[in-house]
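Peer 1: Dropping the structure in here first, questions after.
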Amino acid sequence: MKLFSSRADRRRGIAAAVGVAVLAVGLYVLVSRYAGFLTNAEALRTWLDQFGIFAPIVFIGLQALQVIVAPIPGQVVALVAGFLFGPLAGTVYSLTGVLIGSAVAFSLSKRYGRTFVERVIHEDVIARFDGFVDTVGVPGLFAFVIIPGLPDDAICFLSGLTKWSLPTFMAVIAVGRLPAYVLTVYAGGQLASGRFLSAMALVALVVAASAVGYYKQEAVRDLVERVEPRLPF
């Protein structure tokens with residue numbers, strides 16, 4: 001089986017591998033240097049106390065913003081949420097932020113139309129996924145959203161151009177994005193508890209799935225478009 005279809009794909013794959021390696025080394029250095037603070041729950045709680053009720057609000061806002069502006073991956077924010085708030089609260093805060101951001105992106109597109117979407121989404125993404133949501137329907141969108149690494153933030157904007165209602169769209173996003181966020185938030189909680197090996201194993205799993213989803217997004221799109229019409233629901 002040919003792993004890369006072109007030299008450009010090969011270069012991107014090598015760059016991604018190098019990036020993951022650099023990230024792993026950096027994380028190892030960070031943990032090695034600051035492990036005493038990271039595993040000191042009392043010191044961490046003291047630091048959070050200075051934000052009071054605003055600490056969760058800050059994280060929810062950041063998670064919502066990354067959907068709309070997308071400067072950083074949402075899983076990075078989810079990892080931090082698990083580290084600071086624990087698996088349960090971190091998952092609630094992360095998913096709440098994602099749902100708010102997704103609703104805003106969907107509603108902005110619904111309100112301002114295609115011209116707005118063309119301003120905020122890269123033309124290559126629009127060319128590859130324009131009309132995708134209309135084609136695949138609810139089951140297909142769920143299959144697409146549940147795989148990390150795919151341009152699900154862009155899909156939120158493109159979904160606003162369809163006849164979908166906001167409640168239907170939000171239900172798909174809530175269920176589809178939950179598994180990856182649960183894993184990432186739990187990894188953050190494991191990191192805060194000093195269980196570095198299990199935390200890194202979970203992070204590696206999400207990173208690997210994201211890498212496959214990112215580099216195979218056209219293949220995933222085509223597969224979803226072929227399979228969805230055959231589903232009995």
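The values are calculated or read from the model by the stated rules, or taken from the named source; none is laboratory data. Nothing here was measured: the structure is a model prediction, and the numbers come from that model. Heads up, the Cβs are rebuilt from the backbone with ideal geometry, glycines too, and the neighbour counts pull from every protein chain shown. All accessible areas refer to the heavy atoms of the entire protein, side chains included, with ligands and DNA or RNA removed. Shrake-Rupley method; radii C 1.70, N 1.55, O 1.52, S 1.80 Å.
Peer 1: Report whether or not ALA127 is open to solvent by 40 Å² or more (accessible area, probe 1.4 Å), modelled with pLDDT under 80 and closer than 25 Å to VAL224 by Cα.
Peer 2: Answer is yes for this residue.
Peer 1: Could you figure out which of (1) out of contact with any Ser or Thr (no Cβ under 8 Å at 6 or more places or on another chain); (2) over 25 Å from ALA204 (Cβ atoms); (3) in a helix (DSSP H, G or I) isn't true of SER109?
Peer 2: Condition (1) is where SER109 drops out.
Peer 1: With respect to PHE142, is the statement that it is aromatic (Phe, Trp, Tyr), open to solvent by 10 Å² or more (accessible area, probe 1.4 Å) and within 18 Å of LEU223 (Cβ to Cβ) true?
Peer 2: Criteria met by PHE142.
Peer 1: Looking only at region 57-79, how many residues end up being surrounded by 17 or more Cβ atoms within 10 Å (Cβ to Cβ) and closer than 16 Å to VAL182 by Cα?
Peer 2: The total comes to 9.
Peer 1: State yes or no: is TYR215 open to solvent by 10 Å² or more (accessible area, probe 1.4 Å), under 30 Å from LEU108 (Cα atoms) and within 12 Å of the chain's Cα centre (by Cα)?
Peer 2: It is false that TYR215 is open to solvent by 10 Å² or more (accessible area, probe 1.4 Å), under 30 Å from LEU108 (Cα atoms) and within 12 Å of the chain's Cα centre (by Cα).
Peer 1: Looking at region 168-176, can you tell me whether even one residue there is open to solvent by less than 20 Å² (accessible area, probe 1.4 Å), at pLDDT 85 or above and over 12 Å from the mean Cα position of the chain (by Cα)?
Peer 2: Checking region 168-176: at least one residue is open to solvent by less than 20 Å² (accessible area, probe 1.4 Å), at pLDDT 85 or above and over 12 Å from the mean Cα position of the chain (by Cα).
Peer 1: Find all pairs meeting these conditions: Cβ atoms under 7 angstrom apart; at least six residues apart or on different chains; first residue within region 136-159 and under 17 Å from ARG119 (Cβ atoms); second residue open to solvent by 10 Å² or more (accessible area, probe 1.4 Å) and at pLDDT 80 or above.
Peer 2: ALA154/ILE121; PHE157/VAL120; PHE157/ILE121
Peer 1: If we keep just the residues of region 80-115 that are open to solvent by less than 40 Å² (accessible area, probe 1.4 Å) and more than 20 Å from GLY176 (Cα to Cα), which is modelled with the highest pLDDT?
Peer 2: SER109
Peer 1: Looking at region 160-202 only, could you name the residues that are over 24 Å from VAL138 (Cα atoms) and of a type outside the set (A, V, I, L, M, F, W, C)?
Peer 2: Scanning region 160-202 gives THR184, TYR186, GLY188, GLY189, GLN190, SER193, GLY194, ARG195, SER198.
Peer 1: Right, next: Quick one: which residue in LEU205, LEU158, LEU223, LEU150 is closer than 24 Å to GLY82 by Cβ and part of a helix (DSSP H, G or I)?
Peer 2: Of the residues listed, the single one that is closer than 24 Å to GLY82 by Cβ and part of a helix (DSSP H, G or I) is LEU205.
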